[in-house]
1. Using packing as a proxy for protection, rank 75-84, 107-116 so that the peptide with the highest average count of other Cβ atoms within 10 Å comes first.
2. Please order ARG123, ARG134, ARG239, ARG269 by the number of other Cβ within 10 Å, starting at the fewest.
3. Could you compute the FRET efficiency for ARG126 and ARG69, with r as their C-beta to C-beta distance and R0 at 45 Å, rounded to 0.05?
4. Using Cβ counts within 10 Å as a stand-in for footprinting exposure, how do TYR161, TYR146, TYR183, TYR171 rank, fewest first?
5. For the stretch 123-173 and the stretch 57-120, write down the distance between their C-alpha centroids in whole Å.
6. Tell me the label-point distance for the pair GLU54, TYR171, using the 7 Å Cα-to-Cβ offset, in nm and rounded to one decimal.
7. Enumerate the amide H contacts of ILE9 below 5 Å, restricted to partners 5 or more residues apart or on another chain; note that Pro and chain-start residues carry no placed amide H.
8. Please work out how much length the chain gains when fully extended from ALA62 to LYS237, using 0.36 nm per residue of separation minus the C-alpha to C-alpha distance, in nm with one decimal.
Amino acid sequence: MDNRQFHFISGLPRSGSTLAAATLRQNPRFHAGMTSPIASLFDGMIAQVSAGTELSTMVTQAQRARLLRGLFDSYYAEQTEEVIFDTNRAWTAKLPALLQVFPNAKVVCLVRDVAWIMDSMERQFRQNAFEHTRLFQTEGERSTVYTRTAALAQANSLVGYPWHALREACYSEFADRLVIVEYDLLVHQPAQVFQLIYEFLGEDPFEHDFKAIDFDAPTFDQTLGLDGLHRVHPEVKPRPRETILPPDLFERYSQQAFWQDLQKSSAFRIVSNPPENREPSADTRRKAGTAVFPDRPGVIDP
């Protein structure tokens, strides 16, 4: 078994996870990429040895942990980097098992206003108007912007599932292994955000080039019927735009950013404009080592 450190990238879709991975991989010590299949394999292996199967009494808890670790060692056998980041939105739902396999692992969770996630997905749908994307299972689901967003928001769907999984993780006993990173802050202040991510991970600082980001996955995106879904702009910067969602839909989903006021959670946060009752004074910030950005206040807390 190798001694590489494994960390994880998770959170919400269309929130910068591919951008974060593409940036982290500039560090020669790191390997990171888009969503990998390990989370599905991980769950499948647990299912194979769980109660009710022929194998359940043949595989001990220690053997199960080694088998699960072996998935990572095998999948990343060709990578020589010291630190591996595996990306999957399902990891926040699997922390009890994941952190037994990797007791020192941490999870970087990218988030974004859910209304803008829905806006981004709707743009992808309209830009691929000659495709029936696999994201929608029936004609009824894909028929209008209202049915499309409702389908995406279901508890077992592309947006609803990771939203519920992340919320569970934030209030779990493993919350202190998470850092929540807001997309808007990431694109406005990438250098400061990555400095804080490195601090959270306990890694030495690295100077990234935020004007030379490179990542695309055209073959994977074509299988979904959503060309460009994982294409990353070469320069990290804000790209303001007007929403294409109807006002009532935008308003409905803009109320879902639970991470902006995480009461009774030990999750760390890199967020903009935290609630006043959670933001310490300037003196307290300095004593606690809490970071505040110059023109977009951000905080790692608690």
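1. 107-116, 75-84
2. Exposure proxy ranking, most exposed first: ARG239, ARG134, ARG123, ARG269.
3. With a Förster radius of 45 Å, E is 0.60.
4. In increasing order of surrounding Cβ atoms, one gets TYR146, TYR171, TYR161, TYR183.
5. 22
6. 4.2
7. Here the answer is ASP86, THR87, ASN88, VAL108, since their amide H atoms fall under 5 Å of that of ILE9.
8. Gain on stretching ALA62 to LYS237: 58.4 nm.
No value in this document is a laboratory result; all are computed from the given coordinates. Keep in mind that this is a model prediction, so the values were computed, not measured. Positions of Cβ are generated from backbone atoms using ideal geometry, with glycine treated the same way; all protein chains shown enter the neighbour counts.
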